[in-house]
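Heads up, the thing below is written out as structure tokens.
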Amino acid sequence: MSDFRRLSGTVWASPQIDAEDIAEAAEQGFTLVINNRPDHEESSQPEGASIEAAVRAAGMDYLAIPIDHTGISDEKIAAMAQALAGLADGGKVLAFCRSGTRSTFLWSLAQASVGISADDLIAAAAGAGYNTAGMRETMQLLAEQARG
């Protein structure tokens, strides 16, 4: 059973997905799956290539933006923002990592980088069961920079 958690009208976060989750995501109309988990984090996790193959076989697009122990770089924030900006009308994104937390953090920072308020992002993440309040200052800075 999936644990897809809605962050916005177009983006959901999830813990590690498997074949059943991929089938469910396709049934629910997701158009893009973003893998925020690096390979070999745990010995039991599926390889990104196998997830990608299953996602593409189910008719969805796939993108890997792995977040490892080095943290979330400006490049990863920009890649996520670009992926979200490139969604076709009606497109839905499922981002996953081990627990969904890194996916939620990256989504929050990417949204802040295009001017969405930190308070709105923190509330949306909390509604999905994720705590991003510790990133408030960074989100505020990114949003202010985006607004000029």
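The values are calculated or read from the model by the stated rules, or taken from the named source; none is laboratory data. Since we're looking at a predicted model, the values are computed, not measured. All Cβ positions, even for glycine, are placed from backbone atoms using ideal geometry, and neighbour counts span all protein chains on display.
If you filter the range 2-33 down to residues that are touching a Ser or Thr at 6+ places or on another chain (Cβ under 8 Å) and among the small types (Gly, Ala, Ser), you find that the one that is surrounded by the most Cβ atoms within 10 Å (Cβ to Cβ) is Ala13. Of the helices (runs of 4 or more DSSP H) lying entirely inside the range 1-119, those containing at least 3 residues that are under 21 Å from Met139 (Cβ atoms), among the small types (Gly, Ala, Ser) and touching a residue at least 12 places away in the same chain (Cβ under 8 Å) span 74-85, 101-112.
Arg56 - would you say it is crowded, with 20+ Cβ neighbours inside 10 Å and charged (D, E, K, R)? So Arg56 does not fit the description; no. Has the range 45-55 got any residue that is under 22 Å from Leu109 (Cα atoms), among the small types (Gly, Ala, Ser) and touching a strand residue (DSSP E or B) at 6+ places or on another chain (Cβ under 7 Å)? Among the residues of the range 45-55, not one is under 22 Å from Leu109 (Cα atoms), among the small types (Gly, Ala, Ser) and touching a strand residue (DSSP E or B) at 6+ places or on another chain (Cβ under 7 Å), which makes the answer no. Name every residue in the range 17-44 that is out of contact with any helix residue (DSSP H, G or I) (no Cβ under 9 Å at 6 or more places or on another chain) and among the polar types (S, T, N, Q), in order of residue number. Result: Gln28, Thr31, Ser43, Ser44.
From the list Ala128, Ala49, Ala88, Ala95, which one is within 26 Å of Asp21 (Cα to Cα), of a type in the set (A, V, I, L, M) and at pLDDT below 95? Quick ask: steps written out before the conclusion?
Values: Ala128 fails: at pLDDT below 95; Ala49 fails: at pLDDT below 95; Ala95 fails: at pLDDT below 95.
Step by step, each of Ala128, Ala49, Ala88, Ala95 is checked, and only Ala88 is within 26 Å of Asp21 (Cα to Cα), of a type in the set (A, V, I, L, M) and at pLDDT below 95.
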